[in-house]
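Asker: Here it is: the structure, laid out below.
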Amino acid sequence: MEYKYLKTRREKSTLWVEIKNPPVNFLTVAMLEELFDMVKQVSRDDSVRVFILTGGIEDIYIMHFSIPELLTLSTDNKKLLLNLFVKSKITGAIFKYVTTYTNWLMDCFRWYETLMLKIAKIMSGYSSSLYLWFIMQRVYFAIERLNKITIAAINGNCNGGGTELSACFDFRLMVGDKGFTLGQPEVLINIVPGGGSSQKLPRLIGRAKALEFMLRGNQLNAQEAQRIGLITGFFDKSEFKTRVQEFADLMSKRPMTAVDAIKKCVHDGMETTLRHGLSIEMEQSIRCLDTEDTINAMQAYIRYLDEHVNSIDRQKLTTEELNQVVQETVRHMEEGKLYNFKH
């Protein structure tokens, strides 16, 4: 697939993707289609360990979703009688369970996902409603579940659909010295954040803060966004790409089996009970312990402990010296020295 809105570049084992739709990066269905294809390709590329999405326009990450495309839903919903379905509790419940079950089947079977998206796209010639929501949900699920480290490098202003898109990433890093802001202002035009924020933000920053953010529709600067946990951190614009790449280089040293397993534990576990979540954790632990990389890393760690920790005389070490031993051990692990991998 040739990309009109996406531009890529490799930096070691990191794939940078710039998203560009002049003049201010309004998000569209066509852009989501490209991003969906890109993420699927990245999931199959073992040479990519970190996936970064950033804005391809100066000082803009994503302005928000295209309002003209959203406005067509007002008419297109009626063509499928969706407006009537949601007016009754019974038919509304049927609608919710059918769409939930459809998404579940798309999670289980890739061929079914492909089929449903094709059908919805064909139907979009008559009504765009189902295709817009399904492609948006599937893109966001794909990013959230991607078997790589993912980073939203927010290099400018970000609103609405851009904020929703960034919430799907493992980390959100932002330019913090130019007055850029993040917002979820849908309430101001009498709609809900329909790209997932009503569900993702409470899980990300807590119910109270999410409600405040969405109901006020106000803008948050980088400092405020970090304080409530909406972003991971921020850097000055002059060093932004360098600092993000440094962070990506560090995270690229994480073993991919464990990365994928931890993400499955967190995302799948948040959607179920604690008991079932612990079963998911057990499943993924068994999966990790069944890999050669895990065995080699544990054996390397045992050798390191024998050489640098088990051999020390605790009685001769001060508290400060003991702390230094611990910190050196952790640093050795953080730098990925327990196993071998290639950029």
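Read-outs throughout are calculated quantities, based only on the coordinates presented, and are distinct from any laboratory measurement. Since this is a predicted model, take the numbers as computed values, not measurements. Backbone-built Cβ (ideal geometry, glycine too); neighbour counts: all protein chains shown.
Asker: Mind listing the phi-derived Karplus ³J(HN,Hα) values for the stretch 291-306, rounded to whole Hz, using 6.51, -1.76 and 1.60 with θ = phi - 60°, and x for any glycine or proline?
Answerer: 10, 5, 4, 5, 4, 5, 5, 5, 5, 5, 5, 4, 4, 5, 4, 4
Asker: In the chain, once you exclude exposed GluC sites (Glu not before Pro) (DSSP loop, at most 16 other Cβ within 10 angstrom), what's the longest stretch remaining?
Answerer: Answer - 59-270.
Asker: If exposed means no more than 16 neighbouring beta carbons inside 10 Å and the site is in a DSSP loop, what's the longest run of the chain without any exposed chymotrypsin sites (Phe, Trp or Tyr not before Pro)?
Answerer: Numbers: sites that count: Y3, F109, Y126, F341.
Counting at most 16 other Cβ atoms within 10 Å as exposed, the longest clean stretch of the chain is 127-340.
Asker: Please list, in chain and number order, the residues 5+ apart from F65 or on another chain whose amide H is under 5 Å from its amide H, with Hs placed from the backbone.
Answerer: Placed amide hydrogens put L27, G161, G162 under 5 Å from F65.
Asker: If you plug each phi of the stretch 57-74 into the Karplus form 6.51 cos²θ - 1.76 cosθ + 1.60 with θ = phi - 60°, what whole-Hz ³J(HN,Hα) values come out, in order, with x for Gly and Pro?
Answerer: 10, 3, 6, 9, 8, 9, 5, 4, 6, 4, 5, x, 5, 5, 5, 4, 4, 4
Asker: Starting from the Kirkwood radius over alpha-carbon pairs of the stretch 250-343, derive D by Stokes-Einstein at 37 °C in a medium of 0.692 mPa s and give it in µm² s⁻¹.
Answerer: 212 µm²/s
Asker: Select from the stretch 263-343 those trypsin sites (Lys or Arg not before Pro) which occupy a DSSP coil region and have at most 16 other Cβ atoms within 10 Å, ordered by residue number.
Answerer: Sparse-neighbourhood loop trypsin sites (Lys or Arg not before Pro): K337, K342.
Asker: With r defined as the distance between the Cβ atoms of R227 and S198 and R0 fixed at 35 Å, what FRET efficiency is calculated, to the nearest 0.05?
Answerer: Working: r = 22 Å, r/R0 = 0.62.
Once rounded, the FRET efficiency stands at 0.95.
Asker: If you don't mind, there's one more thing I want to ask. Give me the extension gain from V266 to K178: residue separation times 0.36 nm, minus the current Cα-Cα distance, reported in nm with one decimal.
Answerer: Gain on extension, V266 to K178, equals 28.3 nm.
Asker: Using alpha carbons only, how many degrees (0 to 90, rounded to 10) separate the axis of helix 110-123 from the longest principal axis of the chain?
Answerer: That helix lies at roughly 30 degrees to the long axis.
Asker: Using r as the Cβ-Cβ distance of E321 and I191, and R0 as 56 Å, what FRET efficiency do you calculate, to the nearest 0.05? All intermediate terms of the calculation are to be shown ahead of the outcome.
Answerer: Working: r = 60 Å, r/R0 = 1.07.
Once the sixth-power term is evaluated, E becomes 0.40.
Asker: Tabulate in residue order the Karplus-calculated ³J(HN,Hα) for the stretch 241-258, using 6.51 cos²θ - 1.76 cosθ + 1.60 with θ = phi - 60°, rounded to whole Hz; enter x for Gly and Pro.
Answerer: 4, 5, 5, 5, 5, 4, 5, 4, 4, 5, 5, 5, 7, 7, x, 5, 4, 5
Asker: May I ask which residue of L204, N218, G194 lies farthest towards the positive end of the charge dipole of the chain, with charges of +1 (Lys, Arg) and -1 (Asp, Glu) on Cβ and the Cα centre as origin?
Answerer: Positive-most Cα among the choices belongs to G194.
Asker: Assuming a viscosity of 0.890 mPa s and a temperature of 25 °C, what translational diffusion coefficient in µm² per second does Stokes-Einstein assign to the chain, Rh being the Kirkwood radius over Cα pairs?
Answerer: 110 µm²/s
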